[in-house]
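**Student:** Once you've had a glance at the structure underneath, I'll fire off some questions.
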Amino acid sequence: MLAILLCSVNRGLFPWLHLPRKTMSMRHSSTLIAFAFASLVQGQISHGGSPIGWGTAMALRSDVPVMTVGGVDPFALVASLPTDGEFRYGVQRTVQVDVPQEGLWMDLTEGGRVCQVVLSSPGAVMLSVQFDRWSLPAGAEVFLYNPDRTFFIGGFNASNASPQGTMATSVIPGDRVVIEYRVPSEVLPGRLRVESVTHGISDIFRFAEAGLLRDIDPGYQSAPCHNNVICPAASAWQDQKRAVALFLRPDGNGCTGTLVNNTQEPGRPYFYMANHCYQPNEGQWVFYFNYDSPSCVGNSGPTTQTLTGGVKRAAYYYDDFCLLELFDTPPADYNVFYAGWDRSGTGPTSQTVIHHPLYDVKKITFDNNPATSYADGEGIQMWRNFWDSGIVEPVSSGSPLFDQNKRIIGHMTEGAQTCANPATVHTGCAKFSASWDGTSASTRLRDWLDPANTTITLDGYDPVVVPEPCRINVRVFLEGTYNTVAGRMNSNLRSLGLIPVQEPYMTLGFEHVIGGGETTQPTVFSVTGANAVVDWVVIELRSPTAPFEVAITRSALLQSDGDVVDTDGVSAVEFPVAQGAYRVAVHHRNHLRIITAGGVALSPVPVSLDLSNGSVALQGGNLATNLLDGRRVMVPGDCVRDGVVRYSGADNDRDPVLARVGGSVPTNVVNGYFSEDLNLDGVVRYAGSANDRDIILLSIGGSIPTNTRVAQFP
């Protein structure tokens, strides 16, 4: 059902047509977009600093170019909206400006140069800017501010570019914005080009109340029966509120959504929202975190904690859900929370929605009675709610529906109310459980939020609260140094004092994930016997269903009896990950790596995993290891660490042994800690007794030098 909302905006009454529900014009099939790693970009995050002369009486030079976009007639805008339009805070307007080419350049007395240009869209209450070229040289900075010099954002630099080389800003009050671009001396200016601006037609952030606008009506407010999330009624929801964010699209529309937790990598910035709020320009959306009133009766809040852009991971029209991954992980000072979820479909006994109605500060709404199930006219599985305190309104779309356990069970999809009718006009929230499964990763939630598909309920994740780590006791043996008489490995490297106190794998080029650079104390190497340290190894956790996806790696110490211990030489190896199922891999610098065939359930209680007795299935089965004196042992000979043991031909492992001893006299030997020391006795030998060359030949069968041995590894 369509809801007509009459609002006072910019000195008049205009009808704004909005669907908290999805509309026919927005129906589309979702596709999976290629991964964009959050660590590569910085989005809207400011890197500090301020515009030139900020805080002084410096005025903008009169000869700074002004690029003007024609003003917007609000009446004409309303008339142009389709009958199934959305609630707009503004309208996107094209204005192409090449800042370095069209701006005014000036030399700075403190060094460097600055370019300034003004964008003007007469009548705007606020403006945001979209750049389709953002390729800045090292040391360059960008600031945006109003000509009155009372409000600025930035500085931004090259790292703020999206994976597509674009950038979009949060809003600046007023109808003009100064772009200030500073570059070091004698540096080419790079590329900085404006593609469009969003002309704000309503003061949704109440800049006028802060004295940042001139003669502008402050716009509209949401209904008076809302509850601010700081009010006493919301005292139990102070964690969950930190997960909810308002986002604005460059076309002048926006909705509410939620950061959501996942089992594989807590803190990965997945953002759960309504599909009918999606538009394929998500790389230029701006997400506003902690836009909350500081008081129970307030109607304004801070708008400085923003991020720009994300990539769609999954969506399905007939569940009205969409899952984005933000380009950036919110910084620590944003103090965000990642909401938990329940995908069981069990009926809740009470429900709560946290949302931004009409772009207002964050509100909270309660239904104290059990929700009922229904299917809408298009078959979408829904929860029906009648609110006991608060309501929902336009722009609440996509806001999370929590159950009594504070876990997400759905999101707001349809049914805005007024303060007079919450008992008779219901809200429909699409079920989280219905979106769990689908035909592919691009149409369901499970691949992203629980790749193992074993978790029914998951609590929220607070990055500030460090969870208790998962612990594992791995047992593994290296054939190169295995002593069949003693039934354990020799520890010659330790007794010779050759094992480094810092793990060697980063130096060797191993790409650690989260871990790396671990160190131990020299006293750990003084232990002898079964617990004597043999060498460093890497333990790696991977997704059980997507084995190429590495969750975390840690370097640890391998002892003579096969135990792998943490850097203290005693404890189980710890991983700061959520408990769940992981495939476990072991790497050594000159043995073929191995990995479990399936997931292993890990938790803070140490799990014992013996990879030497055949009790745990390895990928590749018996091909993954050798059988030596009744024990499964890792295969030696991979000097070049490419996952293949070769005795001859290109990239073979034999030649590095010869090169290590000098390259010309095969009887030479070299003492030290080297990957070519395949039996780990502290000496590299190409010929003679206990040489390392023959180990390579034996690993490929012992008779045919052109054979190879390949690691059974994804």
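The values are calculated or read from the model by the stated rules, or taken from the named source; none is laboratory data. In this text, all values refer to a predicted model and were calculated from it rather than measured experimentally. With ideal geometry, Cβ positions are generated from the backbone for all residues, glycine too; neighbour counts draw on all protein chains shown.
**Student:** How about the range 257-296: which of its residues are in a loop (DSSP other than H, G, I, E, B) and not polar (S, T, N, Q)? Spell out the reasoning first.
**Tutor:** Step one: filter the range 257-296 for residues in a loop (DSSP other than H, G, I, E, B), giving 261-269, 278-281, 285, 290-296.
Correct list: GLU265, PRO266, GLY267, ARG268, PRO269, TYR278, PRO280, TRP285, TYR291, ASP292, PRO294, CYS296.
**Student:** Consider ALA601 carefully, then state whether it is within 28 Å of PRO656 (Cβ to Cβ) and part of a strand (DSSP E or B).
**Tutor:** No.
**Student:** Kindly list the number of the only condition in (1) surrounded by 15 or more Cβ atoms within 10 Å (Cβ to Cβ); (2) part of a helix (DSSP H, G or I) that fails for LEU623.
**Tutor:** Tallying (1) surrounded by 15 or more Cβ atoms within 10 Å (Cβ to Cβ); (2) part of a helix (DSSP H, G or I), LEU623 fails exactly one: (1).
**Student:** In the range 435-445, what residues are surrounded by fewer than 24 Cβ atoms within 10 Å (Cβ to Cβ) and not charged (D, E, K, R)? Reasoning before the result, please.
**Tutor:** As a first pass, look at the range 435-445 and keep what is surrounded by fewer than 24 Cβ atoms within 10 Å (Cβ to Cβ): 436-444.
Across the range 435-445, the qualifying residues are TRP436, GLY438, THR439, SER440, ALA441, SER442, THR443.
**Student:** Hey, another quick one. If a residue must be of a type in the set (Asp, Glu) and either under 42 Å from the mean Cα position of the chain (by Cα) or over 17 Å from VAL644 (Cα atoms) (or both), how many such residues does the range 664-700 contain?
**Tutor:** Residues of the range 664-700 of a type in the set (Asp, Glu): 676-677, 681, 692, 694.
This time we only want the ones that are either under 42 Å from the mean Cα position of the chain (by Cα) or over 17 Å from VAL644 (Cα atoms) (or both), so: 676-677, 681.
Looking only at that region, the number is 3.
**Student:** Here's something else I'd like to know. Which is among the polar types (S, T, N, Q), surrounded by fewer than 24 Cβ atoms within 10 Å (Cβ to Cβ), over 22 Å from GLY410 (Cα atoms) and in contact with a Pro (Cβ under 7 Å, 6 or more places away or on another chain), of ASN299, ASN281, ASN290?
**Tutor:** On the way: ASN299 fails: in contact with a Pro (Cβ under 7 Å, 6 or more places away or on another chain); ASN290 fails: over 22 Å from GLY410 (Cα atoms).
It is ASN281.
**Student:** Filter the strands (runs of 3 or more DSSP E) completely within the range 640-714 down to those with at least 3 residues that are in contact (Cβ under 8 Å) with a residue 60 or more places away in the chain. Before the answer, list the steps.
**Tutor:** On the way: elements: 644-646, 669-671, 683-685, 708-710.
Answer list for the range 640-714: 644-646, 708-710.
**Student:** Condition first: surrounded by fewer than 18 Cβ atoms within 10 Å (Cβ to Cβ) and either modelled with pLDDT of 95 or more or in a strand (DSSP E or B) (or both). Now tell me which residues in the range 114-132 satisfy that. Don't jump to the end; show me each part of the working.
**Tutor:** So the first thing to find is which residues in the range 114-132 are surrounded by fewer than 18 Cβ atoms within 10 Å (Cβ to Cβ), and the list is 122-123, 132.
Once the filter is applied, which keeps residues that are surrounded by fewer than 18 Cβ atoms within 10 Å (Cβ to Cβ) and either modelled with pLDDT of 95 or more or in a strand (DSSP E or B) (or both), the range 114-132 yields only ASP132.
**Student:** While we're on this one: Return the total of residues in the range 343-354 being crowded, with 22+ Cβ neighbours inside 10 Å and either of a type outside the set (Val, Ile, Thr) or assigned to a helix (DSSP H, G or I) (or both). If you could, list the steps in order and put the result at the bottom.
**Tutor:** First pass over the range 343-354, keeping only residues crowded, with 22+ Cβ neighbours inside 10 Å: 343, 351-354.
With the extra rule that they be either of a type outside the set (Val, Ile, Thr) or assigned to a helix (DSSP H, G or I) (or both), the set shrinks to 343, 351.
Residues that pass the stated criteria total 2.
**Student:** Now for a separate question. Can you tell me which residues in the range 491-502 are touching an Asp or Glu at 6+ places or on another chain (Cβ under 8 Å) and closer than 16 Å to ASN671 by Cβ?
**Tutor:** ASN492, LEU493, ILE499
**Student:** Related question: Name the single residue that is nearest to PRO576 (Cα to Cα) among those in the range 509-524 being of a type outside the set (Ser, Thr, Tyr) and loosely packed, with under 11 Cβ neighbours inside 10 Å. Explain how you work it out, then say what you get.
**Tutor:** Looking only at the range 509-524, we keep the residues that are of a type outside the set (Ser, Thr, Tyr), and these are 509-518, 521-522, 524.
Still in the list and also loosely packed, with under 11 Cβ neighbours inside 10 Å: 509, 511, 522.
Numbers: GLY509: 23, GLU511: 18, PRO522: 25 Å.
This residue is GLU511.
**Student:** Give just the number: which of (1) of a type outside the set (Gly, Ala, Ser); (2) within 36 Å of the chain's Cα centre (by Cα); (3) in the same structural domain as GLY487 (by TED's automatic domain parsing) does ASN613 not satisfy?
**Tutor:** Among (1) of a type outside the set (Gly, Ala, Ser); (2) within 36 Å of the chain's Cα centre (by Cα); (3) in the same structural domain as GLY487 (by TED's automatic domain parsing), the lone unmet condition for ASN613 is (2).
**Student:** Here's a check for you: in the range 368-402, which residue that is charged (D, E, K, R) and in contact with a Phe, Trp or Tyr (Cβ under 6 Å, 6 or more places away or on another chain) is surrounded by the most Cβ atoms within 10 Å (Cβ to Cβ)? Don't jump to the end; show me each part of the working.
**Tutor:** Here is the first cut: in the range 368-402, the ones charged (D, E, K, R) are 376, 378, 384, 388, 393.
Of the ones still in play, those that are also in contact with a Phe, Trp or Tyr (Cβ under 6 Å, 6 or more places away or on another chain) are 384, 388.
Values: ARG384: 16, ASP388: 14.
My answer is ARG384.
**Student:** Something else now. Among ASP437, ASP459, ASP447, which is without any contact (Cβ under 8 Å) to a residue 12 or more places away in the chain and among the acidic types (Asp, Glu)? I'd like the intermediate steps shown before the answer.
**Tutor:** On the way: ASP459 fails: without any contact (Cβ under 8 Å) to a residue 12 or more places away in the chain; ASP447 fails: without any contact (Cβ under 8 Å) to a residue 12 or more places away in the chain.
Every option except ASP437 fails the conditions.
**Student:** Would you mention how many residues in the range 87-112 are touching a residue at least 24 places away in the same chain (Cβ under 8 Å) and either among the β-branched types (Val, Ile, Thr) or in contact with a Pro (Cβ under 8 Å, 6 or more places away or on another chain) (or both)?
**Tutor:** The total comes to 13.
**Student:** Shifting gears a bit: Please go through (1) assigned by TED's automatic domain parsing to the domain that holds ASP629; (2) in a loop (DSSP other than H, G, I, E, B) for VAL465 and return the number of the only condition it doesn't satisfy.
**Tutor:** (1)
**Student:** Right, another one. Those residues that are within 22 Å of GLU540 (Cβ to Cβ), surrounded by 18 or more Cβ atoms within 10 Å (Cβ to Cβ) and among the hydrophobic types (A, V, I, L, M, F, W, C), I need them from the range 450-471; list them, please.
**Tutor:** Scanning the range 450-471 gives ALA452, CYS470.
**Student:** Given (1) under 26 Å from LEU324 (Cα atoms); (2) in a helix (DSSP H, G or I); (3) not assigned by TED's automatic domain parsing to the domain that holds LEU108, identify the lone condition not met by SER159.
**Tutor:** (3)
**Student:** Hey, another quick one. Quick check on this structure: which one of VAL635, VAL644, VAL640 is buried (at least 18 other Cβ atoms within 10 Å of the Cβ) and either assigned by TED's automatic domain parsing to the domain that holds ASP535 or not hydroxyl-bearing (Ser, Thr, Tyr) (or both)? Please lay out each step first, then the result.
**Tutor:** Working: VAL644 fails: buried (at least 18 other Cβ atoms within 10 Å of the Cβ); VAL640 fails: buried (at least 18 other Cβ atoms within 10 Å of the Cβ).
Within the list VAL635, VAL644, VAL640, the selection yields VAL635.
**Student:** Would you confirm, using the coordinates I've provided, whether VAL550 is farther than 18 Å from SER675 by Cα and either assigned by TED's automatic domain parsing to the domain that holds GLY682 or at pLDDT below 95 (or both)? Break it down into steps so the answer makes sense when it comes.
**Tutor:** Details: farther than 18 Å from SER675 by Cα: yes; either assigned by TED's automatic domain parsing to the domain that holds GLY682 or at pLDDT below 95 (or both): yes.
Yes; evaluated as a whole, the condition is true for this residue.
**Student:** Let me ask something else about it. Consider ILE594 carefully, then state whether it is in the same structural domain as GLY480 (by TED's automatic domain parsing), part of a strand (DSSP E or B) and farther than 19 Å from ARG709 by Cα.
**Tutor:** Values: in the same structural domain as GLY480 (by TED's automatic domain parsing): yes; part of a strand (DSSP E or B): yes; farther than 19 Å from ARG709 by Cα: no.
Answer is no for this residue.
**Student:** Turning to a different aspect of this structure: Please work out if ASP610 is touching a residue at least 60 places away in the same chain (Cβ under 8 Å) and touching a Lys or Arg at 6+ places or on another chain (Cβ under 6 Å). Reasoning before the result, please.
**Tutor:** On the way: touching a residue at least 60 places away in the same chain (Cβ under 8 Å): yes; touching a Lys or Arg at 6+ places or on another chain (Cβ under 6 Å): yes.
Taking the combined requirement at face value, the residue satisfies it.
**Student:** Do the conditions hold for ALA416, that is, is it more than 14 Å from THR372 (Cα to Cα) and either buried (at least 24 other Cβ atoms within 10 Å of the Cβ) or not assigned by TED's automatic domain parsing to the domain that holds TYR272 (or both)? First the steps, then the outcome.
**Tutor:** Details: more than 14 Å from THR372 (Cα to Cα): yes; either buried (at least 24 other Cβ atoms within 10 Å of the Cβ) or not assigned by TED's automatic domain parsing to the domain that holds TYR272 (or both): yes.
Taking the combined requirement at face value, the residue satisfies it.
Results for (1) at pLDDT 95 or above; (2) touching a Lys or Arg at 6+ places or on another chain (Cβ under 9 Å); (3) buried (at least 23 other Cβ atoms within 10 Å of the Cβ); (4) in the same structural domain as THR365 (by TED's automatic domain parsing), shown as yes or no for each residue.
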{"site": "GLY200", "(1), (2), (3), (4)": "no, no, yes, no"}
{"site": "PRO218", "(1), (2), (3), (4)": "no, yes, no, no"}
{"site": "GLN238", "(1), (2), (3), (4)": "yes, no, no, yes"}
{"site": "THR258", "(1), (2), (3), (4)": "yes, no, yes, yes"}
{"site": "GLN264", "(1), (2), (3), (4)": "no, no, yes, yes"}
{"site": "MET273", "(1), (2), (3), (4)": "yes, no, yes, yes"}
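**Student:** If you don't mind, there's one more thing I want to ask. Within the range 174-190, can one find any residue that is under 33 Å from the mean Cα position of the chain (by Cα) and hydroxyl-bearing (Ser, Thr, Tyr)?
**Tutor:** Looking for residues that are under 33 Å from the mean Cα position of the chain (by Cα) and hydroxyl-bearing (Ser, Thr, Tyr), one finds at least one in the range 174-190, hence yes.
**Student:** For SER555, state whether it is modelled with pLDDT of 95 or more, within 29 Å of GLY598 (Cα to Cα) and part of a loop (DSSP other than H, G, I, E, B). Steps first, please.
**Tutor:** Numbers: modelled with pLDDT of 95 or more: yes; within 29 Å of GLY598 (Cα to Cα): yes; part of a loop (DSSP other than H, G, I, E, B): no.
Here the answer is no, as SER555 does not meet what is asked.
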